[in-house]
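Participant: Questions regarding the structure given below will be posed in turn.
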Amino acid sequence: TNTQHQYRSESALGQNPLSCRTLSTRRELYERDFPVYKQPVEVGCFSLDSERRFFNDSRQMRYYVEPDRNPNFNLRDGYRDRFIKRDDSVKERLDHILRWIVANKSKINPTGAAASPRALEVDFVTWRGHLTKLLTTPYETREGWLLAVTRFRGTFYISEVETEAARRERENRTERHEEMMYWGYKFEQYTCADNTHSLPDPGGVVNTNEAFCTVVQTRLADHRLLFSGEVDCRDKDPKAPAAPACYVELKTSAEICTPKQRSNFHRFKLLKWWAQSFLPGVPRVVAGFRDQEGVVVSVETFHISKISHLIKNEYNCWKPTVCMNFCCDFLSFVKRVVTEDSPRVVYLFSWDPYKDVTYSAHRDSQYCFLPHWYVEEMTR
Ligand code: A3P
Ligand code: MG
Ligand code: MG
């Protein structure tokens, strides 16, 4: 079986296995045993306030308040007059995570405290959202991606670059689409309180600059990962299990009325929901199903560990093992390709649906993303 694994991973490397210049995303190549994925451990957290300022604490944590099963939440309320939208043309890259690392170096290198300039004891640093994109790549048919990778002191930093297509889409969103993007945040406001003894305040302002982010460490096969992801809220019971097991992901989705809609929900939505929450070890998603007018008509909890059973009867459906094995092989590919260790060098990995992953290398380019303050702090 070991030979089989080696054979499969080699055949994923372009037409000529010896060249190793591309990586295939074909699903069949990744249908093997589920790789080792260690239970993610929360090593810290940080908050971004209403002006997107970083704080090395949990001040933006919110608490889940279970809504009525049929709540009639109007998600359109407040869009015109009580909405402050984050400027998504500002590219923050890995900056917030790097600030967290600088403030918490001792938590990542528990044994390296005495050694002077120690390298980070992880192979990869990135956002959870970038890993979610990797997990769903073998099933993605619409949107490609660009991932910039810099190797610095032995650690690979992965930061997304907006594709031309994504930029065009962002700059040309319809008014309807803009409003629908608000609905997800409005649902959060209906179901989250600011502290354990208060209630949600649907009359307040929705400000999408605000975020609470968890930082977790885990391992995928032989890849040691450190990543951060936004967490919507936590169980407000003080006896709830420790983070990340107490976290709750909130989602909205169109009401399901036909078998076709149910099938699409299983095949496309649940893939994204599963990938996003499985990575940091968030155990459940609370979904608000909305009608055409943006009113949440029902609420349902999905346990991440049960999603793979839910989808088993779907024809030609996604498989968690394909997602994880592709991600694992992509990270191995990055380790083989990204050989020069320098904050001035970026390897740009590029993928479009139905194509292989390719890459190019760039020195002192527009793609450089490790800030000087970080490089200086970690070189001392
Ligand atoms: P829904 O997913 O419930 O629609 P998250 O669910 O990851 O916590 O994100 C909160 C909300 O941000 C989403 O709620 C959605 O409204 C918006 N959002 C997140 N990612 C988006 C994307 N790629 N495009 C458009 N809207 C997005
Ligand atoms: Mg969120
Ligand atoms: Mg959410």
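Participant: Starting from the Cα-Cα distance between Ser89 and Ser350, subtract it from 0.36 nm times their residue separation and give me the gain in nm to one decimal.
Facilitator: Taking Ser89 through Ser350 to full extension adds about 91.9 nm, to one decimal.
Participant: Per 0.36 nm of contour for each residue apart, how much would the distance between Trp373 and His177 grow if the chain were fully extended, relative to their Cα-Cα spacing?
Facilitator: Length gained, Trp373 through His177: 66.8 nm.
Participant: Taking H as built 1.01 Å from N, whose amide H comes closer than 5 Å to the amide H of Val43, not counting residues under 5 places away?
Facilitator: Amide H neighbours of Val43, under 5 Å, 5+ apart: Val215, Val216, Gln217.
Participant: So which residue, out of Ile304, Ile84, Ile101, gets the largest mean-square fluctuation from a GNM of the chain using Cα contacts under 10 Å as springs?
Facilitator: Evaluated over the chain, the most mobile residue of the options is Ile84.
Participant: Expected output is a single nm value to one decimal: the length gained when fully extending between Asp68 and Thr141, i.e. 0.36 nm times separation in residues minus the C-alpha distance. What is it?
Facilitator: 22.7 nm
Participant: A follow-up question, please. Would you mind computing, in nm to one decimal, how far apart the modelled labels at Arg82 and His303 are, each placed 7 Å from Cα along Cα→Cβ?
Facilitator: Inter-label distance under the simple model: 3.5 nm.
Participant: While we're here: Which of the peptides 243-251, 219-227, 173-181, 33-41 is most tightly packed, and how do the rest follow, judged by the mean count of other Cβ atoms within 10 Å per residue?
Facilitator: Taking the mean over residues of other Cβ atoms within 10 Å, the ranking is 243-251, 219-227, 33-41, 173-181.
Participant: Computed over the Cα atoms, what is the radius of gyration of the chain divided by 2.2 N^0.38 Å, N being its residue count?
Facilitator: 1.00
Participant: Checking the a/c ratio against 1.5 first, then a/b against b/c, what shape does the Cα gyration tensor give for the stretch 129-229?
Facilitator: The shape class here is oblate.
Participant: While we're looking at this one, here's another question. Set the bar at 20 Å for Cα to Cα. Now go through Lys133/Lys251; Lys133/Lys319; Lys105/Lys272; Lys91/Lys186 and name every pair that lies beyond it.
Facilitator: Lys105/Lys272; Lys91/Lys186
Participant: Normalised by the number of residues in the chain, what is the relative contact order in percent for Cα pairs under 8 Å and 6+ residues apart?
Facilitator: After rounding, I find 28 percent.
Participant: If you plug each phi of the stretch 216-232 into the Karplus form 6.51 cos²θ - 1.76 cosθ + 1.60 with θ = phi - 60°, what whole-Hz ³J(HN,Hα) values come out, in order, with x for Gly and Pro?
Facilitator: 10, 10, 7, 9, 10, 6, 9, 9, 7, 10, 10, 9, 10, x, 6, 10, 6
Participant: Label point 7 Å out from Glu121 along Cα-to-Cβ: which residues of the stretch 190-230 have amide N under 18 Å?
Facilitator: Within reach of a label on Glu121, which here means backbone N under 18 Å from a point 7 Å along Cα→Cβ, the stretch 190-230 contributes 215-227.
Participant: Taking 30 Å as the cut-off for C-alpha to C-alpha distance, list the pairs among Lys107/Lys306; Lys236/Lys269; Lys269/Lys355; Lys312/Lys355; Lys38/Lys85 that go past it.
Facilitator: Those over the limit are Lys107/Lys306; Lys38/Lys85.
Participant: For the chain, build the charge dipole from Cβ charges (+1 Lys, Arg; -1 Asp, Glu) around the Cα centre, then report which of Ile307, Tyr190, Gly294 sits farthest towards its positive end.
Facilitator: Most positive-ward Cα: Ile307.
Participant: So in the chain, what percent of DSSP beta bridges are antiparallel if you round to the nearest 5?
Facilitator: If I count the DSSP bridges inside the chain, around 75 percent turn out antiparallel.
Participant: Run the quick spin-label model on Thr163 and Asn56: label points 7 Å from Cα toward the beta carbon, then report their separation in nm to one decimal.
Facilitator: 3.8
Laboratory data are not the source of any read-out in this text; all were calculated from the coordinates shown. Please read all numbers here as calculations on a predicted model, not as lab measurements. Counting neighbours? That spans all protein chains shown, and the Cβs are built from the backbone with ideal geometry, glycine included.
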